[in-house]
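Asker: To start, I am sharing the structure in question, which I have written as structure tokens.
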Amino acid sequence: MSDTTFSLNLKIWRQESADKPGKMVDYKIDCVDEHMSFLEMLDVLNQQLIEKGEVPVAFDHDCREGICGTCGCMINGHAHGKDSETTLCQLHMRKFRDGDTLYLEPWRAKAFPIVQDLCVDRSAFDRIQAAGAYCSVHTGSAIDGNSLLVPKANAESAMDAAACIGCGACVAACKNASAMLFVGAKVSQFALLPQGQIERKERVLNMVEQMDAEGFGNCTNEFECEAACPKGISVDNIARMNREYIKAAATKAD
Amino acid sequence: MSDGIGKFLLSSLGKKLIMGLTGLMLVGFLVAHLLGNLSIYGDVDHGTSFIAYANKLHDLGPLLWVMEIGLVALFGVHIWMALKITAENRKARPQGYAHPNTFGKATPASRSMPYTGIAILGFLIMHLIHFRFMKGIAAPGSVELHREVISVMSDPLWGSLYVVLSILIGVHLAHGFKSAFQSIGVNHPRLNGLLGKMGIALAIILALGFASFPIVAMFAWRTSV
């Protein structure tokens, strides 16, 4: 099925472990097929490195279907590459041209320490989630679905916010390494639905407190996160989180 | 509430709220300041309308002091928050990218907020030395202020600096105005476009308005006074 193969110049961040210094290393790969995904191109590069007895490039990946949020790196300063609403695994090599030079770098943020090469530790997101992105539900028999009324617009907005896969591209694309889009989406998806009302106030307060404790930066409303997001999460969610936070801080009863 | 209000105000979102609110109030001050200054065009030769405006301000007496203290507080809090936010943001990404880039959502205005902010602070100090702490300003009905305004504004060096800084205030507002609304949670599809356009329009009007004084002074008034 190979119609066209071409070559690329890759400059990849290599770092053995969190406590070792890293550097950009040049690689040339010749047999790039236009039908490959970006991750498959990296697989081919790694196979070549292994055959040469070198250490392969570590990169995160899992479902390779664009839904798990595991993969991701910067390509020439764009999180997941410059195409909109695309994860690295869904980015095809036909988007590149013969002889292109690509800088591959890990997400850069104090809150995302590098594990190795292009892999970063995103457990800060897990801790933010655990701080409040859940809701109380009754166990036992299922209640009548029609007893919980949800306005259509709220259902749509909540679903859009819930599309977040927690990949971290928003943090990587933000010049301040801010996690506001991620936290805004997680706060919004619950705040918009009846099931999320019980913990509504403490949720936003606790998640923001955890976000700050993790060392993410502050939002300066440049909206690069929205452009980088593979799921098209809107910055409207950040404004909603701001509203939720102000309301909760002013009205939460102890 | 067991937690103090300070905890919320100094959280990442609290700081944004403070930045947005103080920023919008400072925009209000700029609009009032420009409208007041326009009185100088009433009578350039003798400055009667400008002096009358200055006297009216002085006539406010203790109220003027309250306004000045309020302004110092607004500027102080806005600048303090800006320095804090900028320092924290630098710390949040200790190592930058070898190949930095944007998706084009960031603008020169948004990228340069800390720099235009610092430039405006420097300008503010210069401006206060020129006209707030100048000798003889306290004398009511004094024509000194009017003469001083014309002489500073028509000076090629000071005048040019005032033009540049007026434009930088516009650049700061081009991002700041709309951004402030997002920070205080005002965001709606019906509003966003309007707020964006209002921000740009306000930035242009204020920049041109403030720049008009030194420009007119340098080219038209220099010989007349």
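Here, each number is a calculation from the coordinates, and none is a lab measurement. Treat the numbers as computed from the prediction; the structure is a model and nothing was measured. Neighbour counts run over all protein chains shown; Cβ positions are idealised from the backbone, glycine included.
Asker: Going by C-beta contacts inside 10 Å, put A:E202, A:E224 in order with the fewest on the left.
Answerer: With the sparsest Cβ surroundings first, the list reads A:E202, A:E224.
Asker: Distance between Cα centroids, the range A:97-111 to the range A:44-78: provide it in whole Å.
Answerer: 11 Å
Asker: I've got another one for you. Report, for the protein assembly as shown, the % of DSSP beta bridges that are antiparallel, rounded to 5.
Answerer: Working: 16 of 20 bridges.
Just about 80 percent of them are antiparallel.
Asker: Could you tell me the center-to-center distance, by alpha carbons, between the range B:54-100 and the range B:186-225 in angstrom?
Answerer: 20 Å
Asker: Could you give the dipole magnitude of the range B:75-211 about its Cα centre, charging the beta-carbon of Lys and Arg +1 and that of Asp and Glu -1, in debye to the nearest 20?
Answerer: 580 debye
Asker: Here's something else I'd like to know. Sorted from fewest to most neighbouring beta carbons within 10 Å, what does the list B:H99, B:H78, B:H33 look like?
Answerer: Ranking B:H99, B:H78, B:H33 by Cβ neighbours within 10 Å, fewest first, gives B:H33, B:H99, B:H78.
Asker: Can you give the mean number of other chain Cβ atoms that lie within 10 Å of the Cβ atoms in peptide B:79-88? Write out the running numbers ahead of the final one.
Answerer: Details: counts 0, 0, 1, 0, 0, 1, 5, 4, 0, 7.
The per-residue average across the peptide is 2.
Asker: Next up: Most exposed first by the Cβ proxy, i.e. fewest other Cβ within 10 Å, how do A:I165, A:I143 rank?
Answerer: Least crowded to most crowded, the residues run A:I143, A:I165.
Asker: Can you compute the helix-only [θ] at 222 nm over chain A? Use -39500 (n - 2.57) per DSSP H run of at least 4 residues, normalise by all residues, nearest 500 deg cm²/dmol.
Answerer: Helix contribution divided over all residues of chain A: -10000 deg cm²/dmol.
Asker: About the Cα centre of chain A, how large is the charge dipole given +1 on each Lys and Arg Cβ and -1 on each Asp and Glu Cβ? Please answer in debye to the nearest 20.
Answerer: It works out to roughly 760 debye.
Asker: Same structure, new question: How many percent of Cα pairs in chain A exceed 32 Å? Can you show the working numbers first?
Answerer: On the way: 9649 of 32131 pairs.
For chain A, the share of Cα pairs beyond 32 Å comes to 30 percent.
Asker: Out of residues 5 or more away from A:V120 or on other chains, whose amide H comes under 5 Å of its own, with H placed 1.01 Å from N in the peptide plane?
Answerer: HN-HN under 5 Å from A:V120: A:V115.
Asker: Evaluate peptide B:9-20: per residue, the Cβ atoms of other protein chains within 10 Å of its Cβ; return the mean as an integer.
Answerer: 6
Asker: Rank A:A169, A:A153, A:T101 by how far each Cα sits towards the positive end of the charge dipole of chain A (+1 on Lys, Arg Cβ; -1 on Asp, Glu Cβ) and give me just the farthest.
Answerer: Checked the options; the winner is A:A153.
Asker: Now a separate question. As an exercise, identify the GluC sites (Glu not before Pro) in the range A:52-121 lying in DSSP coil whose Cβ has no more than 10 other Cβ atoms within 10 Å. Spell out each step's value before the answer.
Answerer: Details: sites: A:E54, A:E65, A:E85; in loops: A:E54, A:E65, A:E85.
Listed in order of number, the matching sites are A:E65.
Asker: Further question: In the structure displayed, which of A:K52/B:K91; A:K175/B:K16; A:K201/B:K16 lie more than 28 Å apart, Cα to Cα?
Answerer: In this structure, A:K52/B:K91 lie more than 28 Å apart at Cα.
Asker: From other protein chains only, count the Cβ atoms within 10 Å of every residue's Cβ in B:105-115, then give the mean.
Answerer: Details: counts 10, 9, 2, 0, 1, 6, 3, 0, 3, 1, 0.
Mean shielding by partner chains, rounded to a whole number: 3.
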